[in-house]
């Protein structure tokens, strides 16, 4: 499975795309707590509505305006509020999510 976040990010296009396009919403947190940010626990894994699992890889940097710097995201990486970066992990994807049609 090739992991993509759906956008080809370039300097010009990333300024025009809403930050919300790079944020995973309505996720379920799983796994052990591996740290805290803004008083909230950081879990090692999140699961989206399709059953896809993502592992924690870091904290999202911000640009000079204080917005999330989406250009720093690698392929398959998404932001989870309050500013955590999770990467899709095919080995952790549930069989239900892996079998869904593209």
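Just so you know, all these numbers are worked out from the coordinates, no wet-lab data involved. None of these values were measured; they are calculated from a predicted model. As a convention, Cβ positions derive from the backbone with ideal geometry for all residues, glycine included, and neighbour counts pool all protein chains shown.
Summary table below
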quantity	calculated
Additional length obtainable on full extension of the chain from residue 32 to residue 65, 0.36 nm per residue less Cα span	8.6 nm
Cα-projected label distance for residue 40 with residue 74, points at 7 Å along beta-carbon direction, nm	2.4
Extension gain from residue 57 to residue 19, taking 0.36 nm per residue of separation minus the Cα-Cα distance	11.8 nm
